[in-house]
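Here's the structure we're looking at; comments come further down.
The values are calculated or read from the model by the stated rules, or taken from the named source; none is laboratory data. Computed from a predicted model, the values in this text were never measured in an experiment. Counting neighbours? That spans all protein chains shown, and the Cβs are built from the backbone with ideal geometry, glycine included. Calculation scope for accessible area: heavy atoms of the full protein, side chains included, ligands and nucleic acids excluded. Shrake-Rupley method; radii C 1.70, N 1.55, O 1.52, S 1.80 Å.
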Amino acid sequence: MTDLQKRSLLKLAALSAVAAAALMGCGKKEEAAPAPAPAPAAAAPAKAEPLKVAFAYVGPVGDGGWTYAHDNGRKAVEKEFGDKVVTSFVEKVPESADAERVIRDMAGQGNQLIFGTTFGYMEPMLKVANDLKDVKFEHATGYKTAANMRTYDSRTYEGAYMAGVVAGKMSKTGTLGVVGSVPIPEVVRNINSFTLGAQSVNPAIKTKVVWVNEWFNPPKETEAATALINGGADVLFQNTDSSAVLQTAEKMGKRAFGWDSDMTAYGPKAHLASAVINWGPYYIKAVGDALQGKWAGGTSAWWGVKEGAIDLVSIAADVPDDTKKRIDEVKAGLKDGSFSIWKGPIMDNTGKELLAKDVVADDKFLGGLKTYVKGVEGKVPGN
Amino acid sequence: MDSTALLLAATLSAGTVLAIASLGLLINEKAGIVNLGAEGMMLCAAIAGFATVIHTGNTWLGFAAGMAAGAFLAAIFGGLVIWLNTNQYATGLALTLFGTGFSAFAGIKYVQEKLPEQTQYPIPYLADIPFFGPALFRQHPMVYVAMALTGGLIWFLYRTRAGLVLRSVGESPESAHALGYPVRRIRLAAVMAGGALCGLAGAYVSLVYTPLWVEGMIAGKGWIALALTTFATWRPARVLLGAYLFGGVTMLQFHLQGLGVNVPSQLLSMLPYLATIVVLVLISRNPLWIRVNMPSSIGKPFYPGA
């Protein structure tokens, strides 16, 4: 046998192995298929079809942060409604033309309510919403709506403020560090609120910011956190999606916070508290609306501590009791409306007045925030 | 502490990941095989190492597991491209896709796990020298391993007979075959050694550099390592320098931001890549530098006796 023949034989062998595997796979499916067939006939007549709900995630469910928190919300929906709903999700959907394909596909599979959980899905989702009028769309963190599409968001800055109160109390150097993700108003607002919270207990506090220009890149987040610690920051905060900043603080003997979800497990010694987003209440409301036929598009929801969507949890044992009490006061004040984080006088870091005395910022002001408040060093990139 | 010393320390630590992976890929390529699967191998090694340390508590076993995972995947890749002569580029890409997916799948239950306490490794006496102590001698041992590897590889490639044979397999496999060397087995060994080093780098990321496991956590370091071998024109010493240059510029951009230097951060994010391009341009001004060092059979399949 020549080498060439040997090679073709090998290829043939490999091909047939693949073919055999494929056949076996098919066989299994066929065997499995008939089994569940009789079930619906027995159960179906009395009950209505369950509502099919789909979620498109930007990151992996295992990011331990943003997407993880959304998936907890999805699980809350399943728990609340049981067999009245069927949920599914697609993770790591890029914020590109692929998003449109995935969302369209979700609708094609019979999902009546579709959640898109990142800003970048806004345009693709709107496009699909305009094509498929009888499917309901919910978009997180965007601003465009349609008759069958509405938006929802969380007041993450309330969590940032409460974390700031703890940071201001616990910092020994008086310098805080923030790892910023992408310089958009939402993130700038969080950095500012964090600083305002810290200043409420320590007016001399300073905040350094390092931008990584990405939402999720653990090695880069690590590098940014290292640079902040080397620059003198001893309490770190982040608006990125992984727990890398907390891990870096743990490794270098500094303190840090969890973000989006409870990150205590990642750095028990460094962890001061976690500013968490609880998407459950909103998802339960949205699905409930759809089930009861009350769902209406064209609206925007921005939920915070008041609605149970934002919280500061797992506060470290060594945080003094008066600080913990202060956090409880802030929460109570946000709930009953007696306390506002963004109430003047607030100056920007060039000394210009952002908010006059006793003026409370409205949502439009908060939504367009592009400058740092006093105490934050540097300039927002691109401004 | 002196911030320059801290910047230097951070640079060494950031460059180590790239250096180890890139040295591994260099061994590969010196034998004439390009493995675009670096990112996938590093991811699989990262979760293999992480899981091992969670279960055994021993960091060194974790590194061993990472190397084994890398070598194993490289062996599959090697089998495909060396014996079945599949296209090296396509097979490497497939390996990256497979590794990305598989590591995510295997790592599901390790998300939110925490590694045991890290030991500090300051070198006695040397670590207390002002400036140089904090800059150079308080690193994880793997940082010195990368430097030792570079020296070892230079010695192996250019001073030993085995190194000469390896290079000849990459330059002219037909001649090596005619001289009676088992070209395919040598190539497989080189590919597996490369995989083991990529695995070591991957395990370093999940065990030391960013001690956690999350999906996709290598975040492109494997691709940078691949580019680095070319950028270093297949010279181990230049690989090490390039790794530190890239690590240094990356750290520098964050340090500049931390110091409040008023340059847009998006521009700073470009810096490492810009620096790479500038150096590449400088090097390519003399085409001989690249051509002399580039293994001439790189990426080409080898058919013994065909």
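For the reader, a short list of remarks on this structure follows.
Yes or no, residue by residue, for (1) touching a helix residue (DSSP H, G or I) at 6+ places or on another chain (Cβ under 7 Å); (2) assigned to a loop (DSSP other than H, G, I, E, B):
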| site | (1), (2) |
| --- | --- |
| A:Lys331 | yes, no |
| A:Met347 | no, no |
| A:Asp358 | no, yes |
| A:Val380 | yes, yes |
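Yes/no per residue for (1) out of contact with any Pro (no Cβ under 8 Å at 6 or more places or on another chain); (2) buried (at least 21 other Cβ atoms within 10 Å of the Cβ); (3) free of Cβ contacts under 8 Å to residues at least 40 places away in the same chain:
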| residue | (1), (2), (3) |
| --- | --- |
| B:Glu215 | no, yes, no |
| B:Gly220 | yes, no, no |
| B:Leu226 | yes, yes, no |
| B:Ala237 | yes, no, no |
| B:Phe246 | no, yes, no |
| B:Gln257 | yes, yes, yes |
| B:Ser269 | yes, no, yes |
| B:Val279 | yes, no, no |
| B:Met294 | yes, no, no |
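- Within region B:150-174, being open to solvent by 50 Å² or more (accessible area, probe 1.4 Å), of a type outside the set (Phe, Trp, Tyr) and within 18 Å of B:Val239 (Cα to Cα) holds for B:Ile154, B:Arg167.
- Selection count, region A:229-262, where residues are open to solvent by 10 Å² or more (accessible area, probe 1.4 Å), β-branched (Val, Ile, Thr) and more than 9 Å from every other protein chain (Cβ to nearest Cβ): 0
- Of the candidates A:Thr175, A:Thr226, the single residue that is touching a Lys or Arg at 6+ places or on another chain (Cβ under 6 Å) and open to solvent by 10 Å² or more (accessible area, probe 1.4 Å) is A:Thr175.
- Contacts under 7 angstrom Cβ, first residue in region B:188-202 being among the polar types (S, T, N, Q), partner open to solvent by 10 Å² or more (accessible area, probe 1.4 Å) and not in a helix (DSSP H, G or I), 6 or more apart: none
- Selection status of A:Lys220, without any contact (Cβ under 8 Å) to a residue 40 or more places away in the chain, under 27 Å from A:Gly308 (Cα atoms) and under 22 Å from the mean Cα position of the chain (by Cα): no
- When each of B:Leu274, B:Leu252, B:Leu197, B:Leu256 is tested for being within 14 Å of the chain's Cα centre (by Cα) and either over 16 Å from A:Pro219 (Cβ atoms) or not in a loop (DSSP other than H, G, I, E, B) (or both), the lone residue that passes is B:Leu197.
Results for (1) at pLDDT below 95; (2) farther than 18 Å from A:Asp260 by Cβ, shown as yes or no for each residue.
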site	(1), (2)
A:Gly110	yes, yes
A:Gly120	yes, no
A:Asp134	yes, yes
A:Asp153	yes, no
A:Met162	no, no
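Residues are listed down the side, and each one gets a yes or a no for (1) surrounded by fewer than 21 Cβ atoms within 10 Å (Cβ to Cβ); (2) at positive phi; (3) not in a helix (DSSP H, G or I):
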| position | (1), (2), (3) |
| --- | --- |
| B:Thr11 | no, no, no |
| B:Leu18 | no, no, no |
| B:Ile27 | no, no, no |
| B:Ile33 | no, no, yes |
| B:Ala65 | no, no, no |
| B:Ala69 | no, no, no |
| B:Ala75 | yes, no, no |
| B:Phe105 | yes, no, no |
